[in-house]
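The values are calculated or read from the model by the stated rules, or taken from the named source; none is laboratory data. Nothing here was measured: the structure is a model prediction, and the numbers come from that model. Cβ coordinates were reconstructed from backbone atoms using ideal geometry, including for glycine residues, and neighbour counts include every protein chain displayed.
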Amino acid sequence: MGNQVKMRLDPKYFNLFIIICAAVTVVVIVYGTMSYHSKQEEILRENINNTEFADFSFISISGNDTLMVSDLIGEPLLIDFWATWSGKSQGMHRTISQLHQRYPNLKIIAAAVRDDQQMVMEYADAQDYGFMYVSGTDVYHQLQIPGVPSQIMIDREGNFFDFQVGDNEGELERKVELMMREQLP
C-alpha cells in the first residue's frame, strides 16, 4: 500500500475555510467582471474612433423611412441604444427627455436594440418624449456596444463627442451639458 498520507480538515476550521474560499471567489469574479467591462469599453472606444457617424443610417420603427445621421448634422445629437425589456433603459429615457427639454436643439435618436418592432411602436406611442425611434440593432452590433442602455454623443459637426455605457444619469447629464456648452455659437 505504500506511504499514503491522508489530509483531513479539522472540523473547527471548516467554516473559516469556506469563508476564505468564498472571499477568494468573490474577488476573482469582481476582478474578472471589471476587467471584462473595461476591455469591452476599450473595444467600443476604438470602434467609435474608427467610425464616420455621418454615414450611419437607421430604419424608423414604422419601417417606412430611413433616418440618415448626415441629415442631422448642424445640431448636437444623442443616440440612445435601449430596449423595451430593459427597465434601466426606460429610466434613462426620463433623464434624456429632461435633457431634451433643457436643450431643445439636442436631437435624440432612440435606437431600439434586439426588440420587437410592435413593442417599440407601442412604447413610443405611449410616451411623449419627442425622440426619433429607430431600429438600432445593426449599429449596436457594428460598434460592439457592450450593453443597454448606452449613449453616443455627436457634436453639431458630426464628430464623436463622448459615450456612456450604463444608467449613470448624473454622468450622462454632465457629459451632455459639457457638449452643449462647447456647442454654443
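Residue-by-condition table, conditions (1) in the same structural domain as G91 (by TED's automatic domain parsing); (2) at pLDDT 95 or above; (3) over 19 Å from V69 (Cβ atoms):
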{"position": "K107", "(1), (2), (3)": "yes, yes, no"}
{"position": "A112", "(1), (2), (3)": "yes, yes, no"}
{"position": "Y133", "(1), (2), (3)": "yes, yes, no"}
{"position": "R156", "(1), (2), (3)": "yes, no, no"}
{"position": "F160", "(1), (2), (3)": "yes, no, no"}
{"position": "G166", "(1), (2), (3)": "yes, no, yes"}
{"position": "E169", "(1), (2), (3)": "yes, yes, yes"}
{"position": "E173", "(1), (2), (3)": "yes, yes, yes"}
{"position": "V176", "(1), (2), (3)": "yes, yes, no"}
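Being among the hydroxyl-bearing types (S, T, Y) and not in a loop (DSSP other than H, G, I, E, B) is the filter here, so list the residues in region 91-114 that pass it.
Let us first name the residues in region 91-114 that are among the hydroxyl-bearing types (S, T, Y), namely 95, 97, 103.
Scanning region 91-114 gives T95, S97.
Output the residues belonging to region 137-185 that are within 13 Å of the chain's Cα centre (by Cα), closer than 24 Å to E52 by Cβ and surrounded by fewer than 15 Cβ atoms within 10 Å (Cβ to Cβ).
Passing the criteria: H141, Q144.
Quick check: is even one residue across region 97-104 within 14 Å of V176 (Cα to Cα), without any contact (Cβ under 8 Å) to a residue 24 or more places away in the chain and of a type in the set (D, E, K, R)?
There is at least one residue in region 97-104 that is within 14 Å of V176 (Cα to Cα), without any contact (Cβ under 8 Å) to a residue 24 or more places away in the chain and of a type in the set (D, E, K, R).
Can you pull out the residues in region 91-104 that are surrounded by fewer than 13 Cβ atoms within 10 Å (Cβ to Cβ) and either among the charged types (D, E, K, R) or under 18 Å from S135 (Cβ atoms) (or both)?
R94, R102 - these are the residues of region 91-104 that are surrounded by fewer than 13 Cβ atoms within 10 Å (Cβ to Cβ) and either among the charged types (D, E, K, R) or under 18 Å from S135 (Cβ atoms) (or both).
Is it the case, given these coordinates, that A126 is surrounded by fewer than 17 Cβ atoms within 10 Å (Cβ to Cβ) and aliphatic (A, V, I, L, M)?
Criteria met by A126.
For region 125-156, how many residues are in a loop (DSSP other than H, G, I, E, B) and under 19 Å from H100 (Cα atoms)? So that I can check it myself, show each step before the final result.
Step one: list which residues in region 125-156 are in a loop (DSSP other than H, G, I, E, B), which gives 127-131, 136, 144-149, 155-156.
This time we only want the ones that are under 19 Å from H100 (Cα atoms), so: 127-131, 149, 155-156.
Final tally of qualifying residues: 8.
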